[in-house]
Amino acid sequence: MTEPLRTTTFVLTRADALAYEQQTARLSPLGTLALILWLGLCGAAAWLVPPDWAGPLLSWNFSVFVSLLVAIGYVVVLLIAAVRQYGRARRRLPHPAEMTIVEWPSRLEVEGGGLPRELPFADIRESILVPTHLFLIADSGVLILPRTAFPEQGVIDELAARIAGRPLPPKVDAGVPAA
């Protein structure tokens, strides 16, 4: 085949990198333990508050106060996680980059965002398809493809299916109801 299936040019922004960081953020078992201990510490801090302010111990007011402190502790954790994800996205993509993807039957040619490279489908370790993006994870790095970069509907789904080696989804005509 001498002609590519499709050539797409788009601008990759920090919002796209942030979407990748948010999608792939996972809490390790040690992180889960630290979160539980932190929330327990936040709840235990209620025992240090005078009963005049928090109400008698083990009363309804005290239980609401403990719940409020745990919720505040959880919001603090969420804010710290969001700042870390934004920092990683900023390091991943310091400024917007124009990307060109040339799609072949068994590989992608990527130009932009540094140096040109070729990405065979066999080298892709994982592909993550979400409603807004397709993330292709390979040993050489991550390729972020926003769904909005492909003007035709279903193109990114077909690409994800080809990469995964699945049969293409059937095409549905907009005017004809499915039988």
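Coordinate-derived values only; no laboratory data. Please read all numbers here as calculations on a predicted model, not as lab measurements. Every residue, glycine among them, receives a Cβ derived from its backbone with ideal geometry; neighbour counts consider all protein chains shown.
Filter the trypsin sites (Lys or Arg not before Pro) in the stretch 1-52 down to the DSSP loop ones having no more than 15 other Cβ atoms within 10 Å, then list what survives. The partial results should precede the final answer.
Numbers: sites: 6, 14, 26; in loops: 26.
For trypsin sites (Lys or Arg not before Pro) across the stretch 1-52 that sit outside H, G, I, E and B with at most 15 neighbouring Cβ atoms in 10 Å, the list reads 26.
Give me the percent relative contact order of the chain, please, defined on Cα pairs under 8 angstrom at least 6 residues apart. Don't skip to the end; give the middle numbers.
Working: 199 pairs, mean separation 42.6, N = 179.
Here the relative contact order equals 24 percent.
The gain in end-to-end length when the residue 33 to residue 152 segment is fully stretched comes to 38.3 nm, 0.36 nm per residue minus the alpha carbon separation. Against the chain, whose longest principal axis comes from its Cα atoms, helix 155-164 is set at around 90 degrees.
3J(HN,Hα) couplings calculated from phi for the stretch 33-39 with the Karplus curve 6.51 cos²θ - 1.76 cosθ + 1.60 (θ = phi - 60°) are, in sequence order, 4, 5, 5, 5, 5, 4, 5 Hz; Gly and Pro show x. Just one of (1) 1.41; (2) 1.51; (3) 1.00 is Cα Rg over 2.2 N^0.38 Å calculated from these coordinates, so which is it? It is the one labelled (2).
Any chance you could run the full-extension gain for residue 100 through residue 7? It's 0.36 nm times the residue separation minus the Cα-Cα distance, nm to one decimal. The partial results should precede the final answer.
Numbers: separation 93, 0.36 × 93 = 33.48 nm, distance 0.70 nm.
Additional length available on full extension: 32.8 nm.
Residues whose amide H lies under 5 Å from that of residue 6, counting only those 5 or more places away or on a different chain, are 103; hydrogens are built 1.01 Å from N in the peptide plane. In plain terms, the bigger the Kirkwood radius, the slower the diffusion; for the stretch 23-83, with that radius from Cα pairs, at 25 °C and 0.890 mPa s, Stokes-Einstein puts D at 193 µm²/s. Dividing the helix sum by the residues of the chain, where each DSSP H run of 4 or more adds -39500 (n - 2.57), gives a mean residue ellipticity at 222 nm of -13500 deg cm²/dmol. Can you find, among 19, 48, 30, the residue sitting farthest towards the positive end of the charge dipole of the chain, where Lys and Arg contribute +1 and Asp and Glu -1 at Cβ? Of the listed residues, the answer is 48. Relative to the dominant Cα principal axis of the chain, helix 60-92 is inclined by about 30°.
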